[in-house]
Structure formats: C-alpha cells, structure tokens
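Nothing in this text is a laboratory measurement; each read-out follows from the coordinates by a stated rule. The structure displayed is predicted, hence computed values, not measured ones. Please note: Cβ atoms are built from the backbone with ideal geometry, for glycine as well, and neighbour counts cover all protein chains shown.
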Amino acid sequence: MTGAALGALRESRWGKWAVAGRPLLYLVVFCAIPTRIMVAASFRSPGEFGGLAPFVGDDGRLDLTLESYVRLAEEHIRGADLDLVMGIARRILDQPIELIEGAEETPEYRPVLFYNE
C-alpha cells in the first residue's frame, strides 16, 4: 500500500473499526455479556434443588426478587459494625505499646497518641 492509501484508510470509518473492532468485540463478548447474565441471575430466586429457579413461575409471572441484595446489605452492615468495634479495641489496646515505643525513641517527648499510619 502506498502512503496516501494508508492515510486514507486511517481516516476512514473502516480503518477505525479495523483497529478498535477486535478489542471492542473481545470486551463485549467476554465482559459485557457475562456481566449482564450475572446481573440477571442475581435477581432470580434460588431453585428447589439448588441452582436458579426459572424466570417465569408456575403462575406465568416473572419470578424476580431482591432477596440476595437484602442479604448482602445485612451482612455488610454487620461486618461494618464488627470492623468499627475491632478498630476501636485495637486503638485502645495499642496505646500502651505505642507509648512505650515512643518513650524509648525520644525520652524527652512522650506522645499521648502515636499512630504508625
């Protein structure tokens, strides 16, 4: 190909799709489509013997639920409460150690709070 033809190919719409098309196709096939499948599956009810129940129930209505998101939020709140309690306990229990370490390094200065972070 000549330089003029190569420049025209770069500026054409076909040239842009030729360069960006394969990575875009890869992202759509291996990221976007599976993500949509998992989001749709997260709204489904659990099946009778494991797995997922069908989208349409016996009565002909869609069988979608927010139960998994409610459970996830409850566990996150419980975990955050535990993190808060453990963080406060760690700060309280670390104070004597931090004061001793601070006193050994600089005997003329004894800090009230000594954080390593």
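For this structure, a couple of remarks:
- With neighbours defined as other Cβ atoms within 10 Å of a residue's Cβ, the residues 74, 48 order from fewest to most as 48, 74.
- Modelled this way, with points 7 Å down the Cα-to-C-beta line, the labels at residue 98 and residue 39 are 4.2 nm from one another.
- Within the shell defined by Cβ-Cβ distances under 15 Å, the residues around residue 86 carry a net charge of 0, with Lys and Arg each +1 and Asp and Glu each -1.
- Amide hydrogen neighbours beyond the local backbone of residue 44, cut-off 5 Å, H modeled: 65
- Spacing of the modelled spin labels on residue 67 and residue 20, each 7 Å from Cα toward Cβ, amounts to 4.4 nm.
- Sparse-neighbourhood loop sites, chymotrypsin sites (Phe, Trp or Tyr not before Pro) in segment 14-81 - DSSP loop, at most 16 other Cβ within 10 angstrom: 43, 49, 55
- Local electrostatic count, residue 56, Cβ distance below 14 Å [Lys/Arg +1, Asp/Glu -1]: -1
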